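Scroll down for the structure; my scribbles are underneath it.
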Amino acid sequence: MNYSTMDQETVNFISFMNNMKESHFSLSGSCFSLPEHLIAQAADETLPSEAKAAVDDMHVQTSEFVSNQEFVLKTATDAYTDTKDLENFKAEMRKQKEEAKKKAADQIDAYYARMTNIGIKNPKSRKSIIFFAKTVGDFLSNVFGKIRDFVVKLTQKIVKWFKKAFQKVKSFFQGAASTVGNLFRNLFSKKQREIEYYNFLILLAYNTDISEVSCENTTSIASETTLT
């Protein structure tokens, strides 16, 4: 991007979006929280149709990602039940975890790039775009993280679970699919846009207490870049 041709507010917006995107890939466990005034203002802004389309497309992509992960894990679990080849199963899980990690990162990166470009063209809707970028980005990061954790758990428990493993996989992904559907179904309601969405993330099949969902070293993006 040629920043020399942009006004300062646009440069700040791009920096804001980049900071949020990078927080999803941070190894330190840190993340950003949106200032309350920005969330309140975002609720009153009109989200451009292009941004709504981007969110809808991400819904489809996330559902497809979850379905694909379910298929791969069910297939590998079936194969282990038949062959009892633990080393091959572990190798398949390692391969799958890396492929899923790259796919997830690519999806988040593409989503932020699309939302940033939309925001550049729609300066009066930037706070709303930021809200939806962060809400969906946080959600996707947690969905992908929960799937990764489940792959690790499945690898550790496959011998103990044995024939029950297939049902464990099925139950987990039923929870994942339901959570994805609920998030995107409610995302455009004003009520959901008036709150900081981070603490209303996913429970999935672990039945995690919402109090267990936390963010270490939480930093407000407002401290990084100022938006007017």
* **Percent of alpha-carbon pairs separated by more than 18 Å within the range 56-123** => 52
* Structure fact -> Distance in nm between A113 and S67 label points, each 7 Å along Cα→Cβ, equals 2.5
* To do: Could you pull out which residues in the range 133-168 have an amide N less than 20 Å from a spot 7 Å beyond the Cα of E9, following the Cα-Cβ vector?
  => 133
* Compute the distance in nm between two label points, each set 7 Å from the Cα along the Cα-to-Cβ direction, one at K74 and one at F188. => 3.0
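Can you give the extra length, in nm with one decimal, that the chain gains between K121 and K160 once fully stretched, where that is 0.36 nm per residue apart less the Cα-Cα distance? Before the final figure, lay out the partial values.
Numbers: separation 39, 0.36 × 39 = 14.04 nm, distance 5.47 nm.
Answer, rounded to one decimal: 8.6 nm.
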* Taking a cut-off of 22 Å between Cα atoms, list the lysines near K124, but don't count ones fewer than 8 places away on the same chain. => K21, K52, K134, K190, K191
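No lab work stands behind these numbers, since they all come straight from the coordinates. Since the structure is predicted, the reported quantities are computational estimates derived from the model, not experimental observations. Every residue, glycine as well, gets a Cβ built from its backbone with ideal geometry; the counts of neighbours run over all protein chains shown.
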